[in-house]
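One structure is given below, encoded as structure tokens.
Bear in mind these aren't lab numbers, they're just calculated from the coordinates by the rules spelled out. None of these values were measured; they are calculated from a predicted model. Heads up, the Cβs are rebuilt from the backbone with ideal geometry, glycines too, and the neighbour counts pull from every protein chain shown.
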Amino acid sequence: MKSYSAFIFLFLLSVLGCKKKEETCVAGTGGSISFAIFPQHHGATIYGATAYLKFNTQSSPGALSNFDMNVVGEAHESHIHAQNMKCGDYYIYCVGYDSTISQTVKGGIPYSVASGASGEIDITVPVTE
């Protein structure tokens, strides 16, 4: 009887100890993903915009001061680079200037990066007056 008890104990221990650990995505910096964020106003490229990112949410935090990071785009580039990001949920908000209408344009979208993602991810953010 003693050997059966030991066998059952070891069996239960091995079954319970072999649970596959799920990866939890916590958005933020320190990862291997790069975002190429493309702000567009009615399909037109907005050059030199600024992207604001809020981590671990799918909704706008309101004021720009409530975002976790911002990245200023180069004046001659059609996109903004946010590098070393992790998987998880983001709210991405862009502010730029549309020279064709001489107005500031802005807008945001929620974006989720799945576990296991890597490399560069292109994200189009529609902006409006």
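What the table shows:
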read-out	value
The stretch 51-94: C-alpha gyration tensor shape, a/c 1.5 cut-off, then a/b vs b/c	oblate
Percentage relative contact order, the stretch 46-129, counting C-alpha pairs under 8 Å, at least six apart	31 percent
Sorted peptide list for 47-54, 77-84, criterion being average Cβ within 10 angstrom, highest first	47-54, 77-84
